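The values are calculated or read from the model by the stated rules, or taken from the named source; none is laboratory data. What you see is a predicted model, and the numbers here were worked out from it, not measured in a lab. Cβ: placed from backbone, ideal geometry, glycine included. Neighbour counts: every protein chain shown.
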Amino acid sequence: MFRNGPPGPRKKSNGSARVSLLSNIMSTHQFLTIPPKKAFDVNISTPIKNFIKATFGDKEDYSSSADGLNSLRADSLLRTNYKDESGKLLRYYDQITAIEHKLPITENQIRIYFKWQDAFVSGGGLFGGKQKTSGSWKLAFEKACVLFNIGHAYSEMASAQSLSMDEGMRTAMRSCQSAAGIYSYLKDYVNANSLSDSSIDFEPAVLASLSWLMLAQAAELIYLKASSSQRDETTAKVAMHAADCYKEAYTSAKTDSAKKIIPESYVNVVAVKNLLFLSKVELHAAKQAQADKKYGLQIARLEKAKEFADQAVSKCSVPAFNPTLRAAQEEINKMLTAARKDNDFVYHERIPDHRTLDTILAQQIAKPLPVQFPLTTDFRDLFASLVPIALNNALQTFSSKRVEIMNIEVNRLREATNVLNSFLASLNLPAAIEDSGGRQVPASVLEKSNDVKRQGGINMLDKMINELPQLLTRNKEILDETVRMLDEEERSDSDLRNQFKERWTRTTSHSLTVPLREEAKKYLEIIDNAIKADKVVQEKFRMNRDCIVLLSKQTHEIADELPSASAAGALKDSFVVRELRRLMEEVSGTKAAREVIESELKNTDSDSVRARLVAAFQHGQQDENSVVVNEIESIYAPLKQQVNESLSKQENLVENVRRANQQFQNEKQGNETSQLREEMLKNLARAYDAYQELLNNLKEGTKFYNDLTPLLLKFQNKVSDFVFARKTEKDDLMKDIQKNIVGGGSSTTNSTTTACLTVKQLSHQIYSFTAPIPHQQQPSAPPIGQQPPTDGANLPYPNPYMQPFFPMPPGYNPYQFFNMGGAAPPYPMATPQYPQQGFGVEKPQSANVKKK
């Protein structure tokens, strides 16, 4: 707790607090420094690289950034002297603050276990025992520990200054005020993020006491400056401010929660300093009374000063501080003796009762400096180009909404086109107006036949439809193996929990794997719906196969199979035939226009959308839903209008075709027409439409299965990483339990506790947000005028971070738009969001196990 210059290696003592005299003026005033927490080494680069690759892809390599962050942590934390290299410590804090809204470091996402040794020892005294080791999966815990050590570094810098020089005095005052701001901010940050149970150093009363201590020492430094340059009236007010701060530090340290943690030597020095500065308040007030020629008041003030000074000397238990206290006591006694002598022989003023004297009001010059990000002026984010989670969510949400709207509109167009084709096929159009009778094949049928053969004919459909079961089996096997790994890991965890009971202190697999199970469930639903869609495709293929086979044949073969009919040439130049031809051209134009609309729906400019979303978030817009809605509306509103106009136009077109065809049929009544031939031509027209639909759906269905495979493999790798991390964690915990059993322990040791937090602690820290202790029940710290963020609630990303889940890359889904008649539900394109999990294999390690 007490330091003399730069911190050196810790030494064991007999249980008394370590008190060292500081050089020059510092030794006279017995300034205190804060002990540091000790950080343990941890690999943070690998889990971060895995998460970035899985979440953001390989568009940009962040390996050097992750390695740089790992090196920065080692350089800034794995040291014993923070004072000389505090710049790296500040840069590391700035860096982890910059990434907390970009990289979700939690137990079920980026798994990094941060382990720290406490600065204090529960039970009081720094050297009465070994400091405990605590840890957490939360980045907020790491930030809190770093903040604690930043406060330590500021206190070290203040203690190292030469107060005989103005620059050293200013640096010391600013360092103390900065440390006071750090601990005040940390107290609120710990409460906001439910970290008070993770380390005894984070007890709110302890942090409040440390903050008041550093502010009191800043006020003491200001007093030293004021005592040689200001009027005694002003100096007394500054001394009162120091006394008040020391009193607050003492009050916080004596609360039930803090007195078992903070060393008694610290409490004694703080209490004595409160009395010392109360005596100095009265001393300077007495000097001011003497200057104002109020000699009776001067004596009363000196008597009160003597009372405080005597109490300070009698209560001090730190031998090194006694000379300072006795010097102050002697100065007051000399002044009091002289004042009484002068008053008895010269002034003869009445001496008021010192208990009735007016209280000197403090002048609050020293104030805690607020914690403002960044702490360093030249901070450069190693992950500057990595988009924040909120922005990534917005981009992913846009892609999901885009796919959803695209599918809906494409569905409307294709359904309308299918209805139009079915309607024309039922009327045998346009073949009816092209049929010249005999065995000649109508031109439209020849065109359809040539188009089918150009696209591969029946052989292409046979090949693609036979490949579907193989693609399906491959994806099912990957998903089944992934679920098997989850089941086996959970079963192992449950068996060991039943075996070791309360010794098995890690989080249950059932709790951690909920998001993974949900994701697996969604993939299973996707595959089930795809199976149903495959059956619909196969049924449609079966019903139209014979006619598709005929269309795949040569022209003379088609002519041979068409029934012959008498000529209807008499109508070929009639008005009704010309009208039907014009309407068929209009049908072709409508279909061509729809192909253009569908292409525009599929090929929106995602780069420009990304740029606009980035700009929106740079201007402070954090509501990704509203940003996405605005972008979707601006892009798709015109296209949706075109779709509506196309459908409206079809209604009029169908009515005109029906009316013209009725007239055409009336004029054909006098001709001998083969109904069998006409029905055959209708079937060929339907088969052509079915061929186009089946070919398109089978291509996109094949693409769907091929695109689903890497997603399932990525999911399987994520589960594999999680299972491996849990296995290593399990092995470490079992080693600790076995050591305890061999040693005869009945419960887990400190190392077991630090290797893996209890279920109760984890549920407190990770899965719930416990309300902070009511303000009136906590010692207050000096206000700094700012509210610290929580580890999720006030950050620009949801808590917990939920990455949008895509069952397949954006594109038209062939299985969503069949008329399934309830047999198969629509294929889900936009599904709920699920978090990435299990990135990283950093495990809690036993404090007893040394790193190799």
TODO: Kindly check whether there is at least one residue in segment 154-164 that is in the same structural domain as residue 86 (by TED's automatic domain parsing), hydrophobic (A, V, I, L, M, F, W, C) and over 28 Å from residue 114 (Cβ atoms).
DONE: yes
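Every residue in segment 394-423 that is of a type outside the set (A, V, I, L, M) and more than 30 Å from the chain's Cα centre (by Cα), please. It would help to see each step written out before you state the result.
At the first step, the residues of segment 394-423 found to be of a type outside the set (A, V, I, L, M) are 396-402, 404, 407, 409, 411-412, 414-415, 417-418, 421-423.
Result: 407, 409, 411, 412, 414, 415, 417, 418, 421, 422, 423.
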Open item on the list: Can you confirm whether residue 200 is over 30 Å from residue 116 (Cα atoms) and either touching a residue at least 24 places away in the same chain (Cβ under 8 Å) or of a type in the set (Lys, Arg) (or both)?
Closed with: no
TODO: Pick out, from segment 158-265, the helices (runs of 4 or more DSSP H) lying fully within it that include 3 or more residues that are surrounded by fewer than 22 Cβ atoms within 10 Å (Cβ to Cβ) and in contact with a helix residue (DSSP H, G or I) (Cβ under 6 Å, 6 or more places away or on another chain).
DONE: 232-253
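If I filter segment 566-620 down to residues being among the polar types (S, T, N, Q) and over 49 Å from the mean Cα position of the chain (by Cα), which single residue comes out as modelled with the lowest pLDDT? Break it down stepwise before answering.
Looking only at segment 566-620, we keep the residues that are among the polar types (S, T, N, Q), and these are 566, 574, 588, 590, 599, 603-604, 606, 608, 618.
When the remaining residues are screened for being over 49 Å from the mean Cα position of the chain (by Cα), the result is 566, 574, 588.
On the way: 566: 50, 574: 70, 588: 88.
The residue in question is 566.
With respect to residue 520, determine if the residue is out of contact with any Lys or Arg (no Cβ under 8 Å at 6 or more places or on another chain) and modelled with pLDDT of 90 or more. Give the derivation first.
Numbers: out of contact with any Lys or Arg (no Cβ under 8 Å at 6 or more places or on another chain): yes; modelled with pLDDT of 90 or more: yes.
Taking the combined requirement at face value, the residue satisfies it.
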Open item on the list: Can you tell me which of (1) part of a helix (DSSP H, G or I); (2) modelled with pLDDT under 90; (3) not acidic (Asp, Glu) is the one residue 506 doesn't meet?
Closed with: (1)
Task: Selection status of residue 483, of a type outside the set (D, E, K, R), outside any helix (DSSP H, G or I), surrounded by 14 or more Cβ atoms within 10 Å (Cβ to Cβ) and in contact (Cβ under 8 Å) with a residue 24 or more places away in the chain - done: no
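Do the conditions hold for residue 183, that is, is it at pLDDT 95 or above and assigned by TED's automatic domain parsing to the domain that holds residue 250? Can you show your working first?
Values: at pLDDT 95 or above: yes; assigned by TED's automatic domain parsing to the domain that holds residue 250: yes.
Yes; evaluated as a whole, the condition is true for this residue.
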TODO: Collect the residues in segment 200-258 that are within 21 Å of residue 182 (Cβ to Cβ), polar (S, T, N, Q) and in contact with a Ser or Thr (Cβ under 7 Å, 6 or more places away or on another chain), keeping them in residue-number order.
DONE: 209, 211, 252
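Conditions (1) part of a helix (DSSP H, G or I); (2) among the charged types (D, E, K, R); (3) buried (at least 20 other Cβ atoms within 10 Å of the Cβ), marked per residue:
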{"site": "272", "(1), (2), (3)": "yes, no, yes"}
{"site": "279", "(1), (2), (3)": "yes, no, yes"}
{"site": "298", "(1), (2), (3)": "yes, no, yes"}
{"site": "304", "(1), (2), (3)": "yes, yes, yes"}
{"site": "308", "(1), (2), (3)": "yes, no, yes"}
{"site": "320", "(1), (2), (3)": "yes, no, no"}
{"site": "325", "(1), (2), (3)": "yes, no, yes"}
Task: Failed item, numbered, when residue 632 is tested on (1) out of contact with any Leu (no Cβ under 8 Å at 6 or more places or on another chain); (2) at pLDDT 80 or above - done: (2)
TODO: Mind counting the residues in segment 489-517 that are touching a residue at least 60 places away in the same chain (Cβ under 8 Å), within 19 Å of residue 718 (Cα to Cα) and surrounded by 16 or more Cβ atoms within 10 Å (Cβ to Cβ)?
DONE: 8
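Pull up segment 637-689, narrow it to residues that are among the small types (Gly, Ala, Ser) and modelled with pLDDT under 80, then point me to the one that is farthest from the chain's Cα centre (by Cα).
Taking segment 637-689 and keeping what is among the small types (Gly, Ala, Ser), we get 637, 646, 648, 660, 670, 674, 685, 687.
Now restrict to residues that are modelled with pLDDT under 80: 670, 674.
On the way: 670: 79, 674: 72 Å.
For segment 637-689, the residue satisfying everything is 670.
Residues that are polar (S, T, N, Q) and assigned by TED's automatic domain parsing to the domain that holds residue 530: which helices (runs of 4 or more DSSP H) entirely in segment 384-466 hold 1 or more of them?
389-426, 443-454
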TODO: Name the single residue, out of those in segment 81-101 being of a type in the set (D, E, K, R) and in contact with a helix residue (DSSP H, G or I) (Cβ under 6 Å, 6 or more places away or on another chain), that is modelled with the highest pLDDT.
DONE: 88
Open item on the list: Suppose we filter 59, 53, 115 for residues that are in a helix (DSSP H, G or I) and in the same structural domain as residue 144 (by TED's automatic domain parsing); which single one remains?
Closed with: 53
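Yes/no per residue for (1) within 24 Å of residue 721 (Cβ to Cβ); (2) at pLDDT 90 or above; (3) in contact with a Phe, Trp or Tyr (Cβ under 8 Å, 6 or more places away or on another chain):
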site: 52; (1), (2), (3): yes, no, yes
site: 79; (1), (2), (3): no, no, no
site: 104; (1), (2), (3): yes, no, yes
site: 114; (1), (2), (3): yes, yes, yes
site: 124; (1), (2), (3): no, no, no
site: 127; (1), (2), (3): no, no, no
site: 130; (1), (2), (3): no, no, no
